[in-house]
Amino acid sequence: SQQGEEDPQALSIQEGENATMNCSYKTSINNLQWYRQNSGRGLVHLILIRSNEREKHSGRLRVTLDTSKKSSSLLITASRAADTASYFCAEGGGSQGNLIFGKGTKLSVKP
Amino acid sequence: IAGITQAPTSQILAAGRRMTLRCTQDMRHNAMYWYRQDLGLGLRLIHYSNTAGTTGKGEVPDGYSVSRANTDDFPLTLASAVPSQTSVYFCASSEQNTGELFFGEGSRLTVL
């Protein structure tokens, strides 16, 4: 399988804390994307970072990319109960030119 | 704003039956995809289409077929369903094949 891996598989934090999720990937990428999935719903795109970028911000989200280590991290600052969801990274530019998703991190933010 | 519409949302199916999951997008995206999501395995690509009239195989294509007769529709067919095809199926689209994906809400299929 070409799937990457998210770490940790599950994360439980208190509201107001920061949440960091990591992603390791296997292929040479054009970009790395992060998605969010609420329980029983479809995935929603959060942020895309290109292979020539090292860091990107969007609101309370901060994404880093280290192509030498084939890894990325997603930081959610000042988390809220509404951030409770599963988060997936996806490699863009795989052998079939399509996105390859990791297995996800399940984040639980307790009020 | 519709985006991606999938039907049915849920279906229970006897093994051996034929089933077509429907997917329609109204964003005029070139690329469309079918993924299946299973607990512990994440999302795996079944088939994709980079443009109308073309299709390609993903990571887990066996037992599934697709067609892309026009830009908007991308149905997924299970010719003879088996219990291992019990899963949640997601259709998605994008303007280009490595761009942002827009997902439907999923079709939950149970094969008995």
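Where Lys and Arg each count +1 and Asp and Glu each count -1, what net charge lies around A:Ile100 among other residues with Cβ under 13 Å from its Cβ? Its environment carries a net charge of 0.
Any idea what diffusion coefficient segment B:41-112 gets from Stokes-Einstein, in µm²/s, Kirkwood Rh on alpha carbon pairs, 10 °C, 1.306 mPa s?
Working: Rh = 13.1 Å.
Here the translational diffusion coefficient equals 121 µm²/s.
When chain B is described by a simple charge dipole with +1 on each Lys and Arg Cβ and -1 on each Asp and Glu Cβ, the residue from B:Tyr64, B:Thr9, B:Gly99 located farthest towards its positive end is B:Tyr64.
Of B:Thr9, A:Thr27, the residue with the largest accessible area leads and the full order is B:Thr9, A:Thr27 (1.4 Å probe).
Solvent exposure of B:Glu59, expressed as accessible area, is near 80 Å², computed with a probe of 1.4 Å over the protein chains only. Surface listing: B:Ser10, A:Ser71 arranged by accessible area from highest to lowest gives B:Ser10, A:Ser71, probe 1.4 Å. If R0 is taken as 30 Å, the Cβ-Cβ distance between A:Gln9 and B:Ser67 corresponds to a FRET efficiency of 0.25. With protein chains left intact and a 1.4 Å probe, residues in the protein assembly as shown average 47 Å² of accessible area per residue. Ligands, DNA and RNA excluded, the heavy atoms of A:Lys69 present near 150 Å² of accessible surface to a 1.4 Å solvent probe.
Figure note: B:Val88, B:Val82 ranked by solvent-accessible area, largest first, 1.4 Å probe, ligands and nucleic acids not counted: B:Val82, B:Val88. The largest-to-smallest principal axis extents of the Cα set in segment A:5-110 are 39, 28, 21 Å.
Tell me the relative contact order for chain B as a rounded percent, counting alpha carbon contacts under 8 Å between residues six or more apart.
On the way: 299 pairs, mean separation 40.1, N = 112.
Computed value for chain B: 36 percent relative contact order.
The values are calculated or read from the model by the stated rules, or taken from the named source; none is laboratory data. What you are looking at is a predicted structure, and each value in this text was computed from that prediction instead of being measured. A quick note on method: Cβ atoms are made from the backbone with ideal geometry, for glycine too, and the neighbour counts reach across all protein chains shown. Heavy atoms of the whole protein, side chains included, go into the accessibility calculation; ligands, DNA and RNA do not. Shrake-Rupley method; radii C 1.70, N 1.55, O 1.52, S 1.80 Å.
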